[in-house]
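Only one structure is covered here, and it is reproduced in the block below.
No value in this document is a laboratory result; all are computed from the given coordinates. Just so we're clear, the structure is a prediction, and the values are computed from it rather than from any experiment. Cβ atoms come from the backbone with ideal geometry, glycine included; neighbour counts cover every protein chain shown.
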Amino acid sequence: MKHWFKKNVHLKKHADMRTARRHSGKDLTIFSEMTALAIKHQAVNLSQGFPDFAIDNRLKKLLPEATDKDLNQYAPLAGSPLLLDNLVTFNAQRKNPIVISTDEIVVTPGASYGIYCALAAILTPGDEVIVLEPSYDSYVPAIEVNGGTPVFVSLDGDFRPDFAKIRAAVSEKTRAIIVNTPHNPSGTVWTAAYWDLLWDIVKDTEIIVISDEVYDLLCYDGRQFTSAFHHPKLRERTYAVFSFGKMFHATGWKVGYVLASEELTLAFKRVHQYLSFCVNAPAQYALAKYLEVFDAEANTRLLQEKRDFFLSEFSGLPFTVSAKAEGGYFQTLGYESISDLNDEDFAVWLTTEKKVCSIPVSAFYHDQHNTGKVRFCFAKKEETMLEAARLLKNSL
Ligand code: PMP
Ligand code: GLN
């Protein structure tokens with residue numbers, strides 16, 4: 001008995017060492033935390049970014065079609081040939097075409113994986129990666145697990161990049177910069193001029209741009225989506241990361257793709273080969289066939305209408321809108337005329353007391369400083385947003 005106890009104490013010490021923290025991210029992400037709180041308090045969940053409406057029926061039906069066709073074995077490393085071909089066509093047919101070859105695409109198990117793999121492909125211990133805050137919560141853990149050090153640069157008050165600050169953050173150790181457009185949480189969209197300014201900063205360095213473009217199709221009010229890949233020089237230095245989860249409102253499918261030059265793609269595959277090797281084959285078939293009938297403009301219109309519906313329902317409430325979301329799934333709102341709580345406490349209070357759940361914008365900063373803003377997801381059924389507005393109208 002005594003011996004058994006000693007042995008296990010010894011094992012525990014080793015376990016602690018083996019399972020020591022490898023990154024500074026939270027053990028439970030803010031999105032899981034707030035969704036759990038919404039469920040616990042039966043609040044309307046406008047926090048985590050997932051649509052609560054059905055995906056297109058045609059896409060639904062393609063999944064069983066794939067399994068019926070016996071497409072149930074490993075797909076090739078880079079992606080199923082049909083999906084790669086259809087991605088070349090889809091990108092060429094954008095309003096602002098992206099011209100690529102199949103050798104510049106890797107299909108991935110989601111965008112977060114794509115970002116992780118890109119970092120794993122290029123980082124060596126001690127490398128610095130510039131992160132523009134507020135930023136999506138997976139970036140920093142992915143940098144740190146891969147031996148890198150994040151260097152934080154704040155976006156300006158309107159959530160736009162400050163290129164002087166970015167330039168000042170570049171050091172000899174800078175290996176990459178992570179950019180996100182349309183931006184989560186603010187919804188701002190990068191223009192071609194921004195990419196020119198970024199190129200000017202990185203052109204005489206070896207910095208790689210990891211461009212998170214998961215909301216590419218959701219640019220509103222006639223705005224044009226401009227990828228890092230549209231820039232003739234920058235595209236040679238870029239991993240551009242996309243997500244079918246966001247494109248087709250099927251976040252649970254967890255399939256995405258990464259565009260990069262052949263050289264960067266080769267480096268990416270060196271990691272991907274041994275991490276996942278390939279991606280769910282029936283889903284790849286379904287996504288490829290759906291791309292053949294998908295109406296990207298109708299998709300943008302649908303989400304723009306949802307943004308407008310959200311804004312009009314919330315317009316009678318004492319929130320402040322600094323700017324309408326230019327793209328993406330989210331609208332951030334100020335609440336200074338409702339409460340002087342910090343944003344984290346306010347989001348918890350709104351969930352537990354008013355039964356509407358949001359995300360505090362502080363969660364997108366490494367120091368979690370109070371921003372006085374919360375983020376609402378409008379990728380929801382009208383009835384869901386209506387219910388949220390009704391609850392708040394009755395009690396704020
Ligand atoms: N980047 C951003 C900006 C996101 O909002 C999300 C959330 N889905 C992701 C990446 C992750 O995408 P995926 O689910 O395809 O991994
Ligand atoms: N991207 C989603 C959001 O910003 C969350 C995804 C997740 O739960 N990790 O809300």
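Once fully extended, how much extra length lies between Val99 and Tyr365, figured as 0.36 nm per residue of separation less the alpha-carbon to alpha-carbon distance? Write out the running numbers ahead of the final one.
Numbers: separation 266, 0.36 × 266 = 95.76 nm, distance 3.48 nm.
The span from Val99 to Tyr365 would gain 92.3 nm if fully extended.
Simple spin-label model, 7 Å along Cα-to-Cβ: Glu236 to Asp16 in nm?
Distance between the two pseudo-spin positions: 5.2 nm.
Using modelled amide H (1.01 Å from N, peptide plane; none on Pro or chain starts), what sits under 5 Å from the amide H of Ile208, excluding residues fewer than 5 places away?
So Ile208 has HN proximity to Ala176, Ile177.
Using the Kirkwood radius over Cα pairs, work out the Stokes-Einstein diffusion coefficient for the stretch 226-349 at 20 °C and 1.002 mPa s, in µm²/s as a whole number.
Rounded, D is 117 µm²/s.
How many angstrom separate the Cα center of the stretch 240-275 from the Cα center of the stretch 162-220?
That distance is 18 Å.
Under a crude label model (7 Å from the Cα following the beta-carbon direction), how far is Glu172 from Glu65 in nanometres?
A separation of 5.8 nm, rounded to one decimal place.
Using the Cα centre of the stretch 163-248 as the reference point, and only Cβ charges (+1 on K/R, -1 on D/E), how large is the resulting charge dipole? Debye, rounded to the nearest 20.
120 debye
With N residues in the chain, what two-decimal value do you get for its Cα radius of gyration over 2.2 N^0.38 Å?
Taking N as the residue count of the chain, the ratio is 1.02.
Please give the FRET efficiency for Arg270 paired with Ala54, using the beta carbon to beta carbon distance and R0 = 30 Å, rounded to the nearest 0.05.
Efficiency, rounded to the nearest 0.05: 0.15.
Taking R0 as 45 Å, what's the FRET efficiency between Thr89 and Val321 from their Cβ-Cβ distance, rounded to 0.05?
0.75
Near the amide H of Val44, under 5 Å away, which other amide H atoms are found, from residues 5 or more places off or on another chain, if H is placed in the peptide plane?
So Val44 has HN proximity to Val356, Cys357.
Expressed in nm to one decimal, what extension gain is obtained for the pair His41 and Ala192 from 0.36 nm per residue of sequence separation less their Cα-Cα distance?
49.9 nm
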